[in-house]
Amino acid sequence: MVQSMLLVTIPLYALELGASPVMIGSILSVPYILPLIFAIPLGAAVTRIGGVKVIVAGGFGMTMGPLAMWLVPGYTGLIICQLLVGVAHILMVLAAQSIIAGLGRGKALEQYFGWYATCLSGGQLVGPLWAGYMIDTDGTRSTFAVMAGIALISVASGFFLTGAARLGQATRKSMTGFRAQGRLLKQNSGVQISIATTVAVMFAMGAYGSFLPVYLESLSISATMIGSLVSLRAFASMAIRPFMAPTISLLGGRAAAMVISVGLVGLALCLTGFFENIVPLGVLALALGVGSGISQPLSMVVLAEHVDAEQRAGALGMRLMGNRGVQFSAPLLLGVLAEFTSFTVTFLVAGVVVFIGLAIIYRLVPGFKQRERDLAVL
């Protein structure tokens, strides 16, 4: 929830400081710098020390980020907040995904990740609404203080995890380092299509989350309404995710579901900049939410099933490294584009990039289907 509140609060606070689109894009890229470098080593650490300690550490970091913004106003506080939240978030996500990945296989695992993603979407639904309302009523400074209080809950929740979540696992360095993940990416079609899917969709989410609030603010739309639109996308994601297994079957299997969902995300993103009315923007937010709601948990399921337990956390770290790479680059590149063109062009180009990713996914489908058949025999 805290990160989704920051999606609204950070760009609007930057606008209060007089930041240009390029400056806003740079600020929004900051949380992804350290995770881009350390995602794979952190994944190996999760395997060795267990999920509980990592989730608690991430919760403390998520608390200190907004608190730093509250204590140190201005650009300095923004940078400190973004750095802390970036590292804290990847710690919590890696730990949670690693714990869930060990709970089952097949449709059961699809459902587990569906419910995990549903809970994430719940926070993404409530967070922007709450942040937008608080900014309109109490201002950004109070909003940062509330975020720090909410993050403390995640610290407490970590201590209630039991069983395998508290246990570490001995790992060989040759199975968890950068070279090992590089071999996986080169040889494993399941890993390839999982990462291609998540990178394409997260590029879209980075573009949408970074520039939708700025675009809507340029249309003189209130912070509350901006938060509502951001939450609408999260609502669509949350609504589809409990039904992951039947939805995948309805769409014709995992490969077809990935192609269709990524295509839906790309189309919605392309069209966003052509509308200024809340109703069509809301429809596009719903479409983008459904597409991301299917593709993201599905990419986690595919990765979890196509990788051995010893390499799973490291592979999830590699997936998140790809995520953070596009989340880092998207605001920077699109910020320059928005500075010299328009938001219409910016969203259109971002959508085209997603369709390029879709073409790569489509090429990987035959090899992925063969590997799925091979795994089903084992």
Can you give the Rg/Rh ratio of the range 212-352, where Rg is from the C-alpha atoms and Rh is the Kirkwood radius? 1.01
Give me the number: length gained by fully extending S329 to F274, i.e. 0.36 nm times residue separation minus the C-alpha to C-alpha distance, one decimal in nm. 17.5 nm
Hey, what do the phi angles of the range 352-364 turn into as Karplus ³J(HN,Hα) couplings, whole Hz, using 6.51/-1.76/1.60 and θ = phi - 60°, x for Gly and Pro? 5, 4, 4, 5, 5, x, 4, 4, 5, 4, 4, 5, 7
A correct Karplus calculation of ³J(HN,Hα) over the range 200-208, with 6.51 cos²θ - 1.76 cosθ + 1.60, θ = phi - 60°, whole Hz and x for Gly and Pro, returns 4, 6, 5, 4, 4, 5, x, 5, 5
Label-point separation (nm) for I356 and I33, each offset 7 Å from Cα along Cα-to-Cβ? 2.5 nm
Rounded to the nearest 20 debye, dipole of the chain from Cβ charges on Lys, Arg, Asp, Glu: 1440 debye
Taking the dipole of the chain about the Cα centre (Lys, Arg +1; Asp, Glu -1; charges at Cβ), the one of Q296, V365, T197 that reaches farthest to the positive side is V365
Distance in nm between pseudo-label sites at A239 and V345 (7 Å out along the Cβ direction from Cα): 3.5 nm
Taking 85-95, 269-279 and ranking on average Cβ neighbours within 10 Å, highest first, one gets 85-95, 269-279
Over every pair of different alpha-carbon atoms in the range 197-274, take the mean of 1/r and invert it; report that Kirkwood radius in Å. 13.9 Å
Would you mind calculating the relative contact order of the chain from Cα pairs under 8 angstrom and at least 6 residues apart, reporting the percent as a whole number? 30 percent
Return one quarter of the surface area of the convex hull spanned by the alpha-carbon atoms of the range 298-378, equal to its mean projected area, in nm². 6.4 nm²
Summed over the other residues with a beta carbon less than 14 angstrom from that of T9, with K and R at +1 and D and E at -1, the charge totals -3
What is the distance, in nm, between label points placed 7 Å from the Cα along the Cα-to-Cβ direction at L152 and at L375? 4.2 nm
So what are the three principal axis dimensions of the chain from its Cα atoms, in whole Å, longest to shortest? 58, 41, 33
Among 19-27, 203-211, the order from most to least packed when residues are scored by Cβ within 10 Å on average: 203-211, 19-27
Under 14 Å from the Cβ of V365, count the other residues' Cβ atoms, weight Lys and Arg +1, Asp and Glu -1, and hand me the total. +4
Note to self, the chain gives a 222 nm [θ] from helices alone (DSSP H runs n ≥ 4, -39500 (n - 2.57) apiece, / all residues, nearest 500) of -29500 deg cm²/dmol
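Laboratory data are not the source of any read-out in this text; all were calculated from the coordinates shown. Here the structure is a predicted model, which means the values were calculated and not measured. So basically every Cβ, Gly included, is an ideal-geometry build from the backbone, and we count neighbours across all protein chains shown.
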